[in-house]
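Encoded as structure tokens, the structure appears first; notes follow it.
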Amino acid sequence: MGYQLDFGALAGYLGLFLEGLGVTLGLTAIAASLGVGLSIGGAATARWGRGWARALVLAYVELIRNTPFIVQMFFIFFGLPALGVKLTALEAAVLAMTINLTAYTIEILRAGIEAVPKGQHEAGAALGIRPSSVFIWVVMPQALANVYPALVSQIVITMLESAVVSQIAVTDLTHVADLIQSRTYRAFETYFVITVVYLVLAVALRRLLVRAGRRLFAGR
């Protein structure tokens, strides 16, 4: 007997879908804000910090970029409690996503900083501007403009990777999909809808960030 599609079976779960969507967007927003902010300091340290500080940042970047995100998350959620550090599933998800995104954006921003002509630093020094002020007001805006497309792509990737947090029972879109298909036995319809939602989210988020970047970096 052929399989009969029935998307109507999902209609009663719209509220649950929206709840999962809100969690996914919230996790992405928090991780992106914290990750980009921390990566600015990390990139500056990797470029101009003391030897031990540079080595520490580079070791962190290599560790995170060369291990699976799901293993990092499991270590935080299941491993840290053995040391007395207990986090809720949501806290662990935010921490894991932030740590992961920060490592990637440090490298992206470091490349952007290195692309800024050295003359910009020298001009600031010649004018008697403090190095920290030159970095914040001269170097960083140009560095961000140089690598903004890569930064946007990494944030979108982080949003898509957030589906993994369902493995520790965070009620994101993927966890909601698992729950709905277990109740309705409509796996095809459920995961088809979720796939479309993730696709729309990725495209919309990319366009939103690109548009914001055009306004932010207009004239640069």
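The values are calculated or read from the model by the stated rules, or taken from the named source; none is laboratory data. Keep in mind the model is a prediction, meaning the values are calculated, not measured. All Cβ positions, even for glycine, are placed from backbone atoms using ideal geometry, and neighbour counts span all protein chains on display. Protein only, heavy atoms only, side chains kept; ligands, DNA and RNA dropped before computing areas. Shrake-Rupley method; radii C 1.70, N 1.55, O 1.52, S 1.80 Å.
Some observations on this one:
- The range 42-72 and the range 86-134 have Cα centres spaced 12 Å apart.
- 1.4 Å probe accessible area per residue over the range 12-214, in Å²: 52
- What the phi angles of the range 24-33 give under the Karplus curve with 6.51, -1.76 and 1.60, with θ = phi - 60°, is a coupling list of 4, 5, x, 4, 5, 4, 5, 5, 5, 5 Hz, glycine and proline written as x.
- Distance between the 7 Å Cα→Cβ label points at LEU56 and ARG215: 3.8 nm.
- Computed over the range 12-214, Kirkwood Rh from alpha-carbon pairs, angstrom: 18.7
- Per residue, the average separation of C-alpha pairs within less than 8 Å and at least 6 apart gives the chain a relative contact order of 29 percent.
- Taken about its Cα centre, the range 12-214 carries a charge dipole of about 500 debye when Lys and Arg each add +1 at the Cβ and Asp and Glu each add -1 at the Cβ.
- Only helices enter this figure: runs of n ≥ 4 DSSP H residues, each worth -39500 (n - 2.57), summed and divided by the residues of the chain, yield -24500 deg cm²/dmol at 222 nm to the nearest 500.
- If the segment from ALA204 to ASP6 were pulled out straight at 0.36 nm per residue, it would be longer than the present Cα-Cα gap by 68.5 nm.
- Mean Cβ count within 10 Å, highest first, over the residues of peptides 177-189, 38-50, 73-85: 38-50, 177-189, 73-85
- Whether the range 59-110 is rounded, prolate or oblate, judged on the alpha carbon gyration tensor where a/c under 1.5 counts as rounded: prolate
- Considering only PRO131, LEU18, MET97, and ranking their Cα positions along the charge dipole of the range 12-214 that arises from unit charges at the beta-carbon of Lys, Arg, Asp and Glu, the one farthest toward the positive end is PRO131.
- For the range 185-199, 3J(HN,Hα) per residue [Karplus equation, 6.51 cos²θ - 1.76 cosθ + 1.60, θ = phi - 60°, Hz, x = Gly/Pro]: 6, 10, 5, 4, 5, 5, 6, 5, 4, 5, 4, 5, 4, 4, 4
- Table column - 3J(HN,Hα) (Hz), the range 79-90, Karplus curve with 6.51, -1.76, 1.60, x for Gly and Pro: x, 4, x, 5, 9, x, 9, 10, 10, 6, 4, 5
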